[in-house]
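Undergrad: Below: one structure in structure tokens.
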Amino acid sequence: MESLIVADKTSLYHNTTPSSLVPNLPLNNKDGSSSTSSTTFNSYINLDQGDPVVFKEYWRKKSEECMVVIKGCELLSYLSDLRSVCWFMMPELRDAIKRLHALVGNADTNDMYIVVGNGSTQLFQAALYALSSSSSSDDPINVVAAAPYYSEYQEQTDILRSGIHKWGGDAMKYDKNEAYIEVVTSPNNPDGSIRGPVVNSKCGGEGKLVHDLAYYWPQYTPITHMASHDLMLFTFSKCTGHAGSRIGWAIVKDKEIAKKMTKFIQMSSIGVSKESQTRVAKIIEVLCDSYKNFKLGGLSKESELFFEHSRRLMMERWEKLREVTKQNSDFSVPKFPQAYCNFTNETSETYPAFAWLKCNKDEDCESYLEKKLKILVRGGNRFGSDPRYARLSLLGKDDDFGEFLKRISIDMNEFRH
Ligand SMILES: Cc1ncc(COP(=O)(O)O)c(C=O)c1O
């Protein structure tokens, strides 16, 4: 049986087997009876990581249009634009990023500095470096985020045991009179909530903010305003699903902070692959051109526009998940308020990239799902939260998502016997 290589349980990669090998599972009928009596699962479904392959079919149709050809004599230099603070960022990528934000209306790029990074993961660390080293504090700055927070922030903050910053835990509980950096993730990973800063300013410590807006795109949430914070992080991984290109960008108000972030990236990787930058610039161009053509009455149909298509996918997955959790009271998922989206001109809900699932019958949702249903997820404690919750990705393959729905809708009483 073919299986992927495993690392340990906390790593990005679990051992998984293709879910097509999973036998048919019993599904609840409307009257409560079950359709089949199969009760074993031969393979795991991995919904632990937010690997955004859900958008692959869309991009398959755009394969030719998005193709880039790079000749052997091209892209040799480390340098891109010495007039820019971020000297390794290619001007075509900078222009594409600005064009994309202007199209979507989710972030203001006017009079801001853009810094490109190897994913927003590198930019998060660059931001911590820049903000901590600009602080007047002699002690390491506390990095905090309101629980449940993105599980990687803690390790990314502490991995080098830096003398300038350290993980400070849940921002809701932060009450020290010391300098801090609060990470505001909105929509939030893992629970999809729309957030603002929470640290009580009465604490008295000097506070700085990093806004991680990885999911502030129309397929996940209504675009309610043009964000214009001091330091905003975006990632191509979650915008279009091209996580493998490893491109993220920061939009920064203060030139000195942008310079320090650039310096950090220079020290850790002397810039960012130009092959990736070229590819991302091309994909953004194709995406924005399709909107332009549509507005001009050209070839594109509305359903073929990326954000329309991807929003429908996310909405469909959420509708199916809600239907299943409505029928099976063992599990519940959060409800989200409606808001008017300035991009789609419609009122809609948030359709987060992850479901923050609550197990109503077991204290440990992660181990319950793993042991009983062979579904790999990330438990609430990894997000500084309650183990009765677990995060599961809604960005995976159709087959895995379908299999997941089947497994959580089975009659658990029958399954236990
Ligand atoms: C909130 C948040 N920030 C940052 C990242 C990292 O993104 P990147 O692929 O750009 O490193 C992720 C990835 O899942 C995320 O969920």
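Undergrad: Filter the range 169-196 down to the residues that are in a loop (DSSP other than H, G, I, E, B), within 16 Å of Val144 (Cα to Cα) and within 16 Å of the ligand (Cβ to nearest atom) and list them by number.
TA: Ser186, Asn188, Asn189, Pro190, Arg195, Gly196
Undergrad: Is it the case, given these coordinates, that Val252 is outside the structural domain of Met315 (by TED's automatic domain parsing), more than 11 Å from the ligand (Cβ to nearest atom), touching a residue at least 40 places away in the same chain (Cβ under 8 Å) and more than 16 Å from Ser310 (Cβ to Cβ)?
TA: It is true that Val252 is outside the structural domain of Met315 (by TED's automatic domain parsing), more than 11 Å from the ligand (Cβ to nearest atom), touching a residue at least 40 places away in the same chain (Cβ under 8 Å) and more than 16 Å from Ser310 (Cβ to Cβ).
Undergrad: Provide a single number: the residues in the range 208-227 that are surrounded by fewer than 20 Cβ atoms within 10 Å (Cβ to Cβ) and away from the ligand (no atom under 16 Å from the Cβ).
TA: Final tally of qualifying residues: 3.
Undergrad: Can you tell me how many residues in the range 87-123 are over 29 Å from Phe294 (Cα atoms) and away from the ligand (no atom under 16 Å from the Cβ)?
TA: Count: 5.
Undergrad: Another one. Part of a helix (DSSP H, G or I), over 25 Å from Pro387 (Cβ atoms) and not acidic (Asp, Glu), is that true of Phe307?
TA: It is true that Phe307 is part of a helix (DSSP H, G or I), over 25 Å from Pro387 (Cβ atoms) and not acidic (Asp, Glu).
Undergrad: Then there is this: For the range 287-313, give me each residue that is more than 20 Å from the chain's Cα centre (by Cα), within 15 Å of Lys56 (Cα to Cα) and buried (at least 16 other Cβ atoms within 10 Å of the Cβ).
TA: Leu305 - this is the single residue of the range 287-313 that is more than 20 Å from the chain's Cα centre (by Cα), within 15 Å of Lys56 (Cα to Cα) and buried (at least 16 other Cβ atoms within 10 Å of the Cβ).
Undergrad: Related question: Take the range 89-123 and flag every residue that is in a loop (DSSP other than H, G, I, E, B) and surrounded by fewer than 19 Cβ atoms within 10 Å (Cβ to Cβ). Full working, then the answer.
TA: Filtering the range 89-123 for residues in a loop (DSSP other than H, G, I, E, B) gives 89-90, 105-106, 108-112.
Matches in the range 89-123: Gly105, Asp108, Asn110, Asp111.
Undergrad: Identify, from the list Val85, Val53, the residue that is surrounded by 14 or more Cβ atoms within 10 Å (Cβ to Cβ) and under 26 Å from Pro190 (Cα atoms).
TA: Val53
Undergrad: Do any residues in the range 228-239 that are under 13 Å from Val183 (Cα atoms) have Cβ atoms under 6 Å from those of residues that are more than 9 Å from the ligand (Cβ to nearest atom) and outside any strand (DSSP E or B), where the two are at least six apart or on different chains, and which pairs are they?
TA: Listed by first residue and then by second, the contacts come to Asp230/Lys253; Leu231/Ala127.
Residue by residue, here is whether (1) in a helix (DSSP H, G or I); (2) surrounded by fewer than 17 Cβ atoms within 10 Å (Cβ to Cβ); (3) not assigned by TED's automatic domain parsing to the domain that holds Tyr129 holds:
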{"residue": "Glu256", "(1), (2), (3)": "yes, yes, no"}
{"residue": "Lys259", "(1), (2), (3)": "yes, yes, no"}
{"residue": "Met267", "(1), (2), (3)": "yes, yes, no"}
{"residue": "Gly271", "(1), (2), (3)": "no, no, no"}
{"residue": "Thr278", "(1), (2), (3)": "yes, no, no"}
{"residue": "Ala281", "(1), (2), (3)": "yes, no, no"}
{"residue": "Glu285", "(1), (2), (3)": "yes, no, no"}
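Undergrad: Within the range 124-163, work out how many residues are in a loop (DSSP other than H, G, I, E, B), more than 16 Å from the ligand (Cβ to nearest atom) and either among the hydroxyl-bearing types (Ser, Thr, Tyr) or crowded, with 17+ Cβ neighbours inside 10 Å (or both).
TA: 6
Undergrad: Do you know which of the residues in the range 335-361 that are out of contact with any Asp or Glu (no Cβ under 6 Å at 6 or more places or on another chain) and within 19 Å of Asp48 (Cα to Cα) is surrounded by the fewest Cβ atoms within 10 Å (Cβ to Cβ)?
TA: Residue satisfying both the conditions and the ranking: Lys358.
The values are calculated or read from the model by the stated rules, or taken from the named source; none is laboratory data. These numbers were taken from a predicted model, which means no experiment stands behind them. Backbone-built Cβ (ideal geometry, glycine too); neighbour counts: all protein chains shown.
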